[in-house]
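Engineer: Submitted below is the structure of interest, expressed as structure tokens.
The values are calculated or read from the model by the stated rules, or taken from the named source; none is laboratory data. Please read these numbers as outputs of a predicted model, since none were measured by experiment. Cβ atoms come from the backbone with ideal geometry, glycine included; neighbour counts cover every protein chain shown. Accessible surface is based on the protein model in full, side chains and every heavy atom, while ligands, DNA and RNA are left aside. Shrake-Rupley method; radii C 1.70, N 1.55, O 1.52, S 1.80 Å.
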Amino acid sequence: MRTDDFLDVMHELVAFVRVAEAGSFSAAARRHGLTPSAISRQVARLERAMGVSLMQRTTRQLRLTEAGLAVLERGREMVAAAQASMQVAEGHVDKPKGLVRVSAPKAFSRHVLQQPLLSFLQHYPDVDVHLLVADRPVDPLREGFDLVIRLTDDPPHGMVARALMPVRQLVLASPSYLASNESIRIPEDLMAHSCLSIGEQALDSRWRFVRGNDEVEVAVVGRYSLNHSEMRLAAVEASLGVGCVPDFVARDALAAGRVVRLLPDWAFDTNYQGMAYLLFSASRYTTPKVRALIDHLVAALTIPS
């Protein structure tokens, strides 16, 4: 296929993008008033024109090939550019309007993201937001999300990553627990205590601490392990032991004196923390609705340096 023949497959490329975003031929067909077989034929024509397989089709799901992922990235840019052109023609380029799909981790959504999203919806009545609350790594390209918030120290390549705020796990105990148990002055003291681990994997019971050049790993045990930060905080407040909780979850309990931070000179080293990044496509054709939400979240959540 010659690159100047792209006009012959414009409709087919749009159909491919719609199928990839919807996750199936039938879902894409329903959204656009076509039959699944018609959509399937369009994608097949695109594959023949390009000379590569873009999708692996099974009875249960579609999986994009490596070539399909690359074509999808450029295809989405083309669709976004076309939409932006239509908005210019219609005089709506400066007016955010439509649906924005966002994904963020559960605790972060509940304690940090909720209020900025409510404020955004009040300020932009023509924009709708679909928030997927999930702790798994969401792939925005494969799953069709405009924005993804991820806690990491290594944001993925190929996307714009806006740093919002650092997230730390704090080691906490209740005043009554500390009053009736041995003091905790160094990480090794935790071995004599009941500790509340996250419990998702074996390494969650090995707590790592860093202070300068010093690194300490402690094997902890306890009666209760749970992977829900708010429930873990409640267990700490109930004096069931020492637990690690994200700083934004523990903020009110610390301020009220219901829990006490332990080992403040040591950094608790765990995979469940990092910088909160706002991830989105590197396409220069960012739609007004997405740009408005990006700007709103950055202004609301970015901690000044």
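Engineer: Of everything in the stretch 200-255, what is more than 23 Å from residue 113 (Cβ to Cβ) and among the charged types (D, E, K, R)? Give them in sequence order.
Structural biologist: 204, 206, 208, 211, 214, 215, 217, 223, 237
Engineer: List the pairs whose first member sits in the stretch 122-146 and is assigned by the TED database to the domain that holds residue 16, whose second member is assigned to a loop (DSSP other than H, G, I, E, B) and open to solvent by 50 Å² or more (accessible area, probe 1.4 Å), and whose Cβ atoms are under 8 Å apart, counting only residues at least 6 apart or on separate chains?
Structural biologist: none
Engineer: Exactly one condition in (1) open to solvent by less than 80 Å² (accessible area, probe 1.4 Å); (2) under 23 Å from residue 165 (Cβ atoms) is false for residue 287; which is it?
Structural biologist: (2) is the only condition that residue 287 fails.
Engineer: Quick check on this structure: which one of 258, 185 is farther than 30 Å from residue 301 by Cα, modelled with pLDDT of 95 or more and not assigned by the TED database to the domain that holds residue 296?
Structural biologist: On the way: 258 fails: farther than 30 Å from residue 301 by Cα.
185 is the lone residue from the list that is farther than 30 Å from residue 301 by Cα, modelled with pLDDT of 95 or more and not assigned by the TED database to the domain that holds residue 296.
Engineer: Hey, another quick one. Would you please name the residue that is nearest to residue 264 (Cα to Cα), looking only at residues in the stretch 223-232 that are modelled with pLDDT under 95 and open to solvent by less than 50 Å² (accessible area, probe 1.4 Å)?
Structural biologist: Applying the filter and picking the extreme gives 229.
Engineer: Still on this structure, I have one more. Can you name the residue in the stretch 207-216 that is more than 9 Å from residue 269 (Cβ to Cβ) and part of a strand (DSSP E or B) and is also least open to solvent (accessible area, probe 1.4 Å) among such residues? I'd like the intermediate steps shown before the answer.
Structural biologist: Residues of the stretch 207-216 that are more than 9 Å from residue 269 (Cβ to Cβ), as a first pass: 211-214, 216.
Pick out the ones that are also part of a strand (DSSP E or B) and you get 211, 214, 216.
Details: 211: 104, 214: 79, 216: 25 Å².
Among those residues, the one meeting the criterion is 216.
Engineer: Give the stretch 227-276 a look and list any residue that's polar (S, T, N, Q) and within 18 Å of residue 199 (Cα to Cα), or say none.
Structural biologist: If the condition is that a residue be polar (S, T, N, Q) and within 18 Å of residue 199 (Cα to Cα), then 227, 229, 270, 271, 273 are the ones that fit.
Engineer: Sticking with this structure for a sec: (1) more than 27 Å from the chain's Cα centre (by Cα); (2) within 27 Å of residue 154 (Cα to Cα): which one isn't true of residue 297, the others all being true?
Structural biologist: Unmet for residue 297, out of (1) more than 27 Å from the chain's Cα centre (by Cα); (2) within 27 Å of residue 154 (Cα to Cα): (1).
This table checks each residue for (1) over 30 Å from residue 157 (Cα atoms); (2) in contact with a strand residue (DSSP E or B) (Cβ under 6 Å, 6 or more places away or on another chain); (3) of a type in the set (Lys, Arg).
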| site | (1), (2), (3) |
| --- | --- |
| 251 | yes, no, yes |
| 259 | yes, yes, no |
| 274 | no, yes, no |
| 280 | no, yes, no |
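Engineer: Identify, by number, the condition in (1) touching a Pro at 6+ places or on another chain (Cβ under 6 Å); (2) in the same structural domain as residue 104 (by the TED database); (3) not hydrophobic (A, V, I, L, M, F, W, C) that residue 296 doesn't meet.
Structural biologist: With respect to (1) touching a Pro at 6+ places or on another chain (Cβ under 6 Å); (2) in the same structural domain as residue 104 (by the TED database); (3) not hydrophobic (A, V, I, L, M, F, W, C), residue 296 is out only on (1).
Engineer: When you check residue 146 against the structure, is it buried (at least 16 other Cβ atoms within 10 Å of the Cβ) and at pLDDT below 95, yes or no?
Structural biologist: When the stated conditions are applied, residue 146 passes them.
Engineer: State all residues of the stretch 149-182 that are assigned to a loop (DSSP other than H, G, I, E, B) and either at pLDDT below 90 or open to solvent by 30 Å² or more (accessible area, probe 1.4 Å) (or both); if no residue qualifies, say none.
Structural biologist: Selection gives 153, 154, 155, 156, 157, 158, 168, 180, 181, 182.
Engineer: Across the stretch 131-181, which residue is farthest from residue 268 (Cα to Cα) among those that are among the basic types (Lys, Arg) and within 14 Å of the chain's Cα centre (by Cα)?
Structural biologist: 142
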